[in-house]
Amino acid sequence: MNPAGASIAAILEKSPLDPLETRILLTHALKLSRVQLITKSEYTLATEEAQHLSALFQRRINGEPIAYIVGEREFYGLSFHVTPDVLIPRPETELLVELADERLPKNGSLLDMGTGSGAIAVAIAHMRADAAITALDVSNAALNIARRNAARHGMQITFLQSDWYGTLTDRKFDVIVANPPYIVESDVHLSQGDLRFEPIDALTDHADGLSALRAIIAGAPHHLVPGGWLLMEHGYDQAPEVRNLLAAQGFCKVRSWQDLAGIERATGGMTPLQAAVMHAGERNIPVL
Ligand code: GLN
């Protein structure tokens, strides 16, 4: 379609994209609110506006995710800047924010591992002004986006460039959250739809999908206080395996939680308040 000389109403009617996506691209291109799209529906696009809109439509037709085209995605009621350097925040990940909030003690400390856009860390910081929040990522490009999102919402978060626990030495936290790369390398979805445009290292561990989760679980006892919680998002079929890994590492209260689609999407456990937690590689020898 050629939006030159067309009204907003006509574009909405004839768009090759779905109505919601058309409205998002229209509001973005014309810098209008959703309400203004209705009140100004007879507005006729100028040539430059029409060209801009056509280019945006074409990018979407070529498969690029809407969030990258407009550079924004909402998560937990907050708007986040996103680029192809970071995963697009998903609604199911809001579950981790709620689980962490419920378990974070007053004035507690929280670590977000593989923060990406910073969505999880910023959403928790926004709710919990009392919390001391640290967020790490191995990607400096991602950290730049995360810092920008924290600043945008006025949140004080300590950002670290770190390959999982690499630079943390002996620091301990009340809660650790992670939404790591967990898609199996051979999963066909990686070469379909929006995922094709997202950072591959944020989606897959290039292995069986569990290697990042294993590394996070193995290192967590050393970085959690007694009674501290580790909470992770994972793939739709990984909950039993993640529960086993947590139990084998000595975590208690191990359980999974369903997302809004009824899929077990997050799993967590608590470090024991008394007995020592096993460290990676140690055997389950009873403590006398
Ligand atoms: N939930 C994402 C998806 O299925 C994957 C995110 C991740 O690997 N952490 O597309």
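The values are calculated or read from the model by the stated rules, or taken from the named source; none is laboratory data. Just so we're clear, the structure is a prediction, and the values are computed from it rather than from any experiment. Ideal geometry is used to build each Cβ from the backbone, glycine not excepted, and the neighbour counts take in all protein chains shown. With ligands, DNA and RNA removed, areas are computed over all heavy atoms of the protein, side chains included. Shrake-Rupley method; radii C 1.70, N 1.55, O 1.52, S 1.80 Å.
Mind checking which lysines have their C-alpha under 17 Å from Lys106, skipping anything on the same chain fewer than 8 residues away? Partners found: Lys172. Any aspartates and glutamates with Cα under 15 Å of the Lys14 Cα? List them, leaving off those in the same chain fewer than 8 positions away. Counting by Cα, and skipping residues close in sequence, Lys14 has these aspartates and glutamates nearby: Glu42.
3J(HN,Hα) couplings calculated from phi for the range 146-156 with the Karplus curve 6.51 cos²θ - 1.76 cosθ + 1.60 (θ = phi - 60°) are, in sequence order, 4, 4, 5, 5, 5, 5, 4, 9, x, 9, 8 Hz; Gly and Pro show x. Dipole magnitude for the chain: about 620 debye, using +1 per Lys or Arg Cβ and -1 per Asp or Glu Cβ, origin at the Cα centre. When peptides 55-66, 182-193 are ranked by their average number of other Cβ atoms within 10 Å per residue, the highest-first order is 55-66, 182-193. Close amide H pairs (under 5 Å, H built 1.01 Å from N) link Val254 with Met270, residues at least 5 positions away or on another chain. Comparing Phe159, Ile24, His126 along the charge dipole axis of the chain, the residue lying farthest to the positive side is His126, per the Cβ-charge model.
How many angstrom lie between the Cα centre of the range 145-159 and the Cα centre of the range 60-93? Using only Cα atoms to place each centre, the spacing works out to 17 Å. For Ala135, the amide hydrogen comes within under 5 Å of the amide hydrogens of Asp112, Thr158, Phe159, Leu160, counting only partners 5 or more places away or on other chains and with H modelled in the peptide plane. Using the Karplus relation 6.51 cos²θ - 1.76 cosθ + 1.60 with θ = phi - 60°, the per-residue 3J(HN,Hα) values for the range 122-136 come to 5, 5, 5, 4, 5, 7, 10, 4, 6, 7, 9, 10, 10, 10, 10 Hz, with x marking Gly and Pro.
A 1.4 Å probe, protein heavy atoms only, puts the accessible area of Lys172 near 100 Å². The angle between the Cα long axis of helix 239-248 and the main principal axis of the chain comes to about 30°, on a 0 to 90 degree scale. When only alpha carbons are used to place a centre, the range 223-266 and the range 17-58 end up 43 Å from one another. Here the gap between Tyr236 and Arg152, fully extended at 0.36 nm per residue and compared with their Cα-Cα distance, gives a gain of 27.0 nm.
Against the chain, whose longest principal axis comes from its Cα atoms, helix 19-30 is set at around 70 degrees. For the chain, the relative contact order works out to 13 percent when only alpha carbon pairs closer than 8 Å and six or more residues apart are counted.
Taking amide hydrogens as placed 1.01 Å from N in the peptide plane, the amide H of Ser117 sits under 5 Å from those of Leu87, each at least 5 positions away in sequence or on another chain.
Against the chain, whose longest principal axis comes from its Cα atoms, helix 47-61 is set at around 40 degrees.
For the range 12-168, a simple Cβ point-charge model (Lys and Arg +1, Asp and Glu -1, everything else neutral) yields a dipole of about 300 debye relative to the Cα centre.
With the Cα gyration tensor of the range 73-189 giving a ≥ b ≥ c as the square roots of its eigenvalues, does the rule (a/c under 1.5 for rounded; else a/b larger than b/c for prolate; else oblate) give rounded, prolate or oblate? Since a/c stays below 1.5, the shape of the range 73-189 is classed as rounded. Packing order of peptides 133-140, 118-125, 24-31, highest average first: 118-125, 133-140, 24-31 (average count of other Cβ atoms within 10 Å over each peptide's residues).
Of the residues Gly219, Asn107, Leu87, the one whose Cα sits farthest toward the positive end of the charge dipole of the chain, with +1 on the Cβ of Lys and Arg and -1 on the Cβ of Asp and Glu, is Asn107. Sequence-distant contacts, meaning Cα pairs under 8 Å at least 6 residues apart, place the relative contact order of the range 113-186 at 38 percent. Here the chain was treated as a single set of alpha-carbon atoms; its pair distances binned every 10 Å from 0 give 6, 26, 30, 20, 11, 5, 2, 0, 0 percent. Each residue of the range 204-215 was assigned a 3J(HN,Hα) from its phi angle through the Karplus curve 6.51 cos²θ - 1.76 cosθ + 1.60 (θ = phi - 60°); the sequence is 10, 8, 6, 8, 7, x, 10, 5, 5, 4, 4, 5 Hz, with glycine and proline shown as x.
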